[in-house]
Amino acid sequence: MVAVRCRPMNQREIDQKEGKIVVIKEGGYCALEPPEGAKREFSYDYAYDEDSVQPDVYRNLGAPLLSKAFDGWNGTIFAYGQTGSGKSFSMTGSKEKPGIIPQLNKAMFERIEETQTSNPERKFLVTCSFLEIYNEARPFRPRCARRAWRWGVAATARPRRRRLRRRRCSSTCSTRQAVAGPPSRARTRTSTSRSTRCSACTWRGYRRSRRTRAMRSQS
């Protein structure tokens, strides 16, 4: 089930006198009508315009998922969109206008209470986990900072990041591998140990060593 929701214009867009090019109708119809260019039409299971309310979104998207979960099915609600498109408002909402998550949690515990009232021996286990990826980045603390804070000293120097360069695993191999180190060393490093060889060179070396042992045993 796929749905699309169009948020109302913010104050900045109103001050800039931006025009509306999104047209949403009943039956999941959505279209983009730019002043210049071709019209593009899309079809979804549900389509919500800027006048949509939170209970309608939950009734169509959250309530069926909760009902299936009590029947033993797994379910996922994935909110996708660019920054500022209204994902957090649709999923979390506010105290006055709760989104899908608060409404779903409230309905879930109400149903658990009703089920346990009629069947006290039935038990439920509810777990929760949360993961947030913001700007596709995660916190990073340099190793020297961790070591310094362990001894109670603030680290001021930031360690240099080792650059990855591509090199050949041997002088006769066309396969190039990533080697960490300064550019000058990466270009001159020609070690062909087993840990740095590619799979093709490792296999060729293994077959060559077998032939050598066989010839020595025959002689």
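The values are calculated or read from the model by the stated rules, or taken from the named source; none is laboratory data. Note that the structure is predicted; figures quoted are calculated from it, not measured. Neighbour counts run over all protein chains shown; Cβ positions are idealised from the backbone, glycine included.
Of all residues in the stretch 5-29, those satisfying the criterion of being in contact (Cβ under 8 Å) with a residue 40 or more places away in the chain and either small (Gly, Ala, Ser) or touching a Ser or Thr at 6+ places or on another chain (Cβ under 9 Å) (or both) are Arg5, Cys6, Arg7. Filtered by the rule that a residue be loosely packed, with under 13 Cβ neighbours inside 10 Å and among the acidic types (Asp, Glu), the stretch 14-65 gives Asp15, Glu18, Glu26, Glu36, Glu41, Asp45, Asp51, Asp56. Scanning the stretch 70-106 for residues that are over 20 Å from Arg5 (Cβ atoms) and in a helix (DSSP H, G or I) turns up Phe70, Asn105, Lys106.
Scanning the stretch 47-69 for residues that are closer than 19 Å to Val22 by Cβ and among the hydrophobic types (A, V, I, L, M, F, W, C) yields Ala47, Val53, Val57.
Is it true that some residue in the stretch 38-47 is without any contact (Cβ under 8 Å) to a residue 24 or more places away in the chain, in contact with a Phe, Trp or Tyr (Cβ under 8 Å, 6 or more places away or on another chain) and closer than 30 Å to Lys106 by Cα? For the stretch 38-47, residues without any contact (Cβ under 8 Å) to a residue 24 or more places away in the chain, in contact with a Phe, Trp or Tyr (Cβ under 8 Å, 6 or more places away or on another chain) and closer than 30 Å to Lys106 by Cα: absent. When Leu66, Leu32, Leu61 are checked against the criterion of being free of Cβ contacts under 8 Å to residues at least 40 places away in the same chain and in the same structural domain as Ile112 (by TED's automatic domain parsing), a single residue qualifies: Leu32.
If we keep just the residues of the stretch 52-90 that are among the aromatic types (Phe, Trp, Tyr) and more than 21 Å from the chain's Cα centre (by Cα), which is nearest to Pro102 (Cα to Cα)?
Our first condition is that a residue be among the aromatic types (Phe, Trp, Tyr); within the stretch 52-90, this holds for 58, 70, 73, 78, 80, 89.
Filter again for more than 21 Å from the chain's Cα centre (by Cα), leaving 58, 70, 73.
Details: Tyr58: 10, Phe70: 17, Trp73: 20 Å.
Among those residues, the one meeting the criterion is Tyr58.
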